[in-house]
Amino acid sequence: MKRTPFDDVSQHIPALHESALKFTNDVDSAKDLVQETMLKAIRHYEKFEEGTNLKGWLFTILRNTFINKFHRTTMTNTLISQTDELSYAQLMPSCTNNGCENRFMMEDIKTALSALPELLHESFMRHVEGYKYHEIALKVNAPIGTIRSRIFKARRLLKKHLYEYQSIDITNTKY
């Protein structure tokens, strides 16, 4: 009987599931991640070089799938399109509850952003807008490692400048 790509990759499912569970901390999400990994592995099996580490190849697919899904989910959940219209009912709580605090916080954030050196500011703002590292690198004509470094440095400077907000739980704040 002829072996199929699934025969080769299926033996690694338990180890993949264990690793996926560590990434997701959720059984159902881990199952979804393993399933997506298996689909990609079988779909692109012809790219696998015979004689190399199949398990390592599968774990790389798993990790990259998780990272890409995480970035997509994070960007979807955190970015607000500037074209979205907000109603008065949605804006009213943020105007009445802690309006002064929010105004001070936003001013501090703007001040911290404007204090960043131009190279850091440009890379960081593009990252916040949802551009991927390689897209930013192309836009500003710099190596991807430089972009990562600039974004890291910008975060570090912003964290230093906004240290007083580190103890505030913004998850329950109404905006």
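Selection of first residues in the stretch 124-140 that are without any contact (Cβ under 8 Å) to a residue 40 or more places away in the chain and of second residues that are in a helix (DSSP H, G or I) and of a type in the set (S, T, N, Q), restricted to Cβ pairs under 7 Å at least 6 apart or on distinct chains, gives the following pairs, ordered by first then second residue: Ile136/Ser123; Val140/Ser123. When the residues of the stretch 129-162 are filtered to those that are over 19 Å from the mean Cα position of the chain (by Cα) and part of a loop (DSSP other than H, G, I, E, B), which remaining residue is modelled with the lowest pLDDT? The residue in question is Leu162.
Restricting the search to the stretch 94-115, which residues are modelled with pLDDT under 55 and among the aliphatic types (A, V, I, L, M)? Answer for the stretch 94-115, where residues must be modelled with pLDDT under 55 and among the aliphatic types (A, V, I, L, M): there is none.
Cβ-Cβ contacts under 8 Å between residues 6 or more apart (or on different chains), taken from a first residue in the stretch 43-61 that is closer than 15 Å to Gln11 by Cα and without any contact (Cβ under 8 Å) to a residue 60 or more places away in the chain to a second residue that is not in a helix (DSSP H, G or I) and not basic (Lys, Arg), are listed as Leu54/His12; Leu54/Phe48; Lys55/His12; Trp57/Phe48; Leu58/His12.
The values are calculated or read from the model by the stated rules, or taken from the named source; none is laboratory data. Everything quoted here is computed from the prediction, not taken from an experiment. Note that each Cβ is placed from the backbone with ideal geometry, even for glycine, and that neighbours are counted across all protein chains shown.
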